[in-house]
Amino acid sequence: MSETPVDSSKRTWIITSACAGAVGGVAAAVPFVSTFQPSEKAKAAGAAVEVDISALQPGEKLTVEWRGKPVWIIRRTKEQLADLATLDDQLADPESKRKPSEFTPVYARNPWRSIKEEVLVCVGICTHLGCSPVDKFQTGAQPSLPADWKGGFLCPCHGSTFDLAGRVFKNKPAPDNLEVPPHMYLSETKLLIGEDKA
């Protein structure tokens, strides 16, 4: 059986065309694949936020933005810290055992829900429908609050209340405590929100 002679010029054109097609395919794929990478704006939106808390006095609150959410930093007074220990029987989840990995990092699973007792760092968004609670630091009877109110936060939309550790009170619409975001101290007066040693 005789073999068909191979046309070398045809073979060269086929190889050249295949190589050009491969190069064109890669050139077309690179921009397409690069669209899956987050933009600089998206990277910045998710970036950790450094906060100087040196001017924050006992009883004061500072709000910063992280990932488009308000993050509250509160320096609690000695009296406010003492009051936290008296509230456990009124709270839905006093030890932050519900959804701990989602709402409370390991280092904040304590009665203060914080690394340092006096400084609370939490996301200021109600776990019910995403409203932002308002400060109710003043103690005592007030509209929509009990007569023995020890200070905390009230979500005006549906009446959920939280103590000064961001723990939700029983029989309220909010199902969980306020979120404690990942954070760590860079120094005695500087916080990094959005990253922790873990």
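Throughout, read-outs are computed from the coordinates displayed, never taken from laboratory work. Owing to the predicted nature of the structure, the values given are computational and were not obtained by experimental measurement. Using ideal geometry, Cβ is built from the backbone for each residue, glycine included, and neighbour counts are taken over all protein chains shown.
Distance between the pseudo-spin-label points of A82 and S187 (7 Å out from Cα toward the beta carbon): 3.3 nm. When L186, L84 are sorted by how many other C-beta atoms sit within 10 angstrom of their C-beta, beginning with the fewest, the order is L186, L84. Database remark: amide H of R76 closer than 5 angstrom to the amide H of G59, V119, L120 (H placed geometrically; neighbours at sequence offset of 5 or more, or on other chains; Pro and chain starts carry no H). Take each peptide in 139-148, 48-57, 74-83, count the other Cβ atoms within 10 Å of every residue, and average; sorted highest first, the result is 74-83, 48-57, 139-148. Each residue of segment 145-150 was assigned a 3J(HN,Hα) from its phi angle through the Karplus expression (A = 6.51, B = -1.76, C = 1.60, θ = phi - 60°), giving 10, x, 5, 9, 4, 9 Hz with x at Gly and Pro.
Once C-alpha pairs closer than 8 Å and six or more residues apart are averaged by separation and normalised to the residue number of segment 44-193, the relative contact order reads 26 percent.
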